[in-house]
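The values are calculated or read from the model by the stated rules, or taken from the named source; none is laboratory data. Quantities reported herein were computed from a predicted structural model and do not represent experimental measurements. Neighbour counts run over all protein chains shown; Cβ positions are idealised from the backbone, glycine included.
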Amino acid sequence: MDRYTSSSFIFATVHGFIEVFPIAFLNGLAAGFLFYRTSSIWPGVMVHILIMV
């Protein structure tokens with residue numbers, strides 16, 4: 001799971017705004033966890049879409 005933490009940090013950093021960093025980081029962790037469980041990127045994409053709406 002360490003690689004998912006690292007990629008979540010990068011995901012949050014790329015968003016560029018310190019105000020959204022915690023939410024983007026948690027979003028990245030959720031997407032990483034879902035990828036780990038399902039071996040598919042689509043559940044993580046759906047989480048991202050739901051958070052953006």
Report task. Consider only pairs whose beta carbons are under 7 Å apart and that are at least six residues apart or on different chains; among these, list those whose first residue lies in region 36-51 and is under 17 Å from SER8 (Cβ atoms) and whose second residue is among the aromatic types (Phe, Trp, Tyr). Result -> TYR36/TYR4; ILE41/PHE35; GLY44/PHE35
Query raised in the report: Could you list, in sequence order, the residues of region 22-53 that are surrounded by 12 or more Cβ atoms within 10 Å (Cβ to Cβ), modelled with pLDDT under 85 and more than 10 Å from the chain's Cα centre (by Cα)?
Result: ILE51
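Residues of region 4-21 being among the aromatic types (Phe, Trp, Tyr) and surrounded by 13 or more Cβ atoms within 10 Å (Cβ to Cβ), which ones? If you could, list the steps in order and put the result at the bottom.
Applying the first criterion (among the aromatic types (Phe, Trp, Tyr)) to region 4-21 yields 4, 9, 11, 17, 21.
Correct list: TYR4, PHE9, PHE11, PHE21.
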